[in-house]
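For reference, the structure is listed below as structure tokens.
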Amino acid sequence: EMALPLLPAIDAAIVGEPTLLNLAVAERGLMVLDCLSQGRAGHAAREEGDNAIYKALPDIGWFQTYQFPKVSPTLGRVKMSVTVIHAGQAHNQVPPECAFAVDIRATDAYTLEEILATVKQHVSCEVKPRSLRLRPSGIPDQHPLVVAGRKLGKKLYGSPTTSDQALMTVPSIKMGPGDSARSHSADEFI
């Protein structure tokens, strides 16, 4: 991102990522939400307070089950996953807060702003996006890079992961050796 303004004009780009040397012609965007459910502290034995964990459960369930109606032809459905949760300080205290993070993999069927607005309409917790800059990307089907990849017999697909490609404003594909399924795992290798 810092290097782009220092480079000459770019017509197209190949982003090096593990794709088994196939062509990722589209890529999901990423939006991480920090969510906070507020309750009121109390002593668990006396049934005092308002348990923030219980208040968070319906919202967490919504993230697990909600399906955005529009489906991208190249990237499929928007995917939402609750990935981190923090609540409570002692076994005998009703927790006053429950904080959780949501990883949202966006497609070209919705803008990040549209996804955020939909989330806020359906949940009762406080919702703050960490960023709105990692947007989905794609390349036209008849772009010379795509045509060349097709001639070479390469598989064309929409990537479920996000890379530096999300920060580029030029047509780009994602391609490289290695298997994306091994990313972020022990003993990752090419």
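The values are calculated or read from the model by the stated rules, or taken from the named source; none is laboratory data. Just so we're clear, the structure is a prediction, and the values are computed from it rather than from any experiment. A quick note on method: Cβ atoms are made from the backbone with ideal geometry, for glycine too, and the neighbour counts reach across all protein chains shown. Areas reflect the complete protein model, heavy atoms only, side chains present, ligands, DNA and RNA absent. Shrake-Rupley method; radii C 1.70, N 1.55, O 1.52, S 1.80 Å.
Scanning the chain for chymotrypsin sites (Phe, Trp or Tyr not before Pro) in DSSP loops with at most 16 other Cβ atoms within 10 Å, what's the longest stretch left with none? Present the calculation step by step, with values, prior to reporting the outcome.
Values: sites that count: Tyr66, Phe189.
Longest run free of exposed loop sites: 67-188.
Between helix 52-65 and the chain, what is the angle of the helix's C-alpha long axis to the longest principal axis, kept within 0 to 90° and rounded to the nearest 10? For helix 52-65, the angle is close to 30 degrees. Just one of (i) 12.8; (ii) 13.8; (iii) 10.6 is mean projected area of the Cα convex hull in nm² calculated from these coordinates, so which is it? Working out mean projected area of the Cα convex hull in nm² from the coordinates points to (ii). Net charge dipole, the chain: roughly 520 debye, given to the nearest 20, about the Cα centre with Cβ charges of +1 for Lys and Arg and -1 for Asp and Glu. Phi angles across the stretch 121-136 convert, under the Karplus curve 6.51 cos²θ - 1.76 cosθ + 1.60 with θ = phi - 60°, into 3J(HN,Hα) values of 6, 9, 10, 9, 6, 6, 10, 10, x, 6, 6, 10, 9, 9, 8, x Hz, Gly and Pro given as x.
For the stretch 33-190, the carbon plus sulfur part of the accessible surface works out to 54%, probe radius 1.4 Å. Rounded to the nearest whole Hz, the Karplus-based 3J(HN,Hα) values (6.51 cos²θ - 1.76 cosθ + 1.60, θ = phi - 60°) of the stretch 169-186 follow the sequence 10, 10, x, 8, 10, 10, 7, x, x, x, 10, 4, 5, 8, 4, 6, 10, 4, with x at glycine and proline.
Run the helix sum for the chain: -39,500 (n - 2.57) per DSSP H stretch of 4+ residues, divided by residue count, reported at 222 nm to the nearest 500 deg cm²/dmol. Please report the intermediate quantities before stating the final value.
Details: 3 runs with 33 residues, N = 190.
Taking each H run of at least 4 residues, the total per residue is -5500 deg cm²/dmol.
May I ask you to derive the FRET efficiency for Val71 and Gln93 from their Cβ-Cβ distance with R0 = 30 Å, giving the value to the nearest 0.05?
That pair, Val71 with Gln93, gives E of 0.10.
For Ser124 and Ala148, the FRET efficiency from 1/(1 + (r/R0)^6), where r spans their Cβ atoms and R0 equals 45 Å, is about 0.35.
Note that the stretch 95-104 has calculated 3J(HN,Hα) couplings of x, x, 9, 9, 9, 8, 10, 10, 9, 10 Hz, one per residue in order, obtained from phi through the Karplus relation 6.51 cos²θ - 1.76 cosθ + 1.60 (θ = phi - 60°); glycine and proline are x. Amide H to amide H distances under 5 Å link Gly178 with Thr19, Leu20, Leu21, where only residues 5 or more positions off or on other chains count and H is placed in the peptide plane.
Which pairs break 20 Å Cα to Cα here: Lys79/Lys155; Lys70/Lys155; Lys70/Lys151; Lys55/Lys128; Lys79/Lys120?
Those over the limit are Lys79/Lys155; Lys70/Lys155; Lys70/Lys151.
Between the exposed loop cleavage positions of the chain, defined as trypsin sites (Lys or Arg not before Pro) in a non-H, G, I, E, B DSSP state with at most 15 neighbouring beta-carbon atoms within 10 angstrom, the longest gap is 1-69.
Using a Gaussian network model of the chain in which every pair of alpha carbons under 10 angstrom is joined by a spring, one finds that among Pro96, Pro144, Pro58 the greatest mean-square fluctuation is at Pro144.
Between amide H atoms placed 1.01 Å from N, distances below 5 Å from Gln93 occur with Ala44, all of them 5 or more places distant or on a separate chain.
Distance between the C-alpha centres of the stretch 115-190 and the stretch 20-75: 21 Å, rounded to the whole angstrom.
Using the crude model of +1 on Lys and Arg Cβ and -1 on Asp and Glu Cβ, and no other charge, please compute the dipole size for the stretch 123-188 relative to its Cα centre, in debye to 20.
On the way: 10 positive and 6 negative charges, 50 e Å.
With only Lys, Arg, Asp and Glu charged at Cβ, the dipole is about 240 debye.
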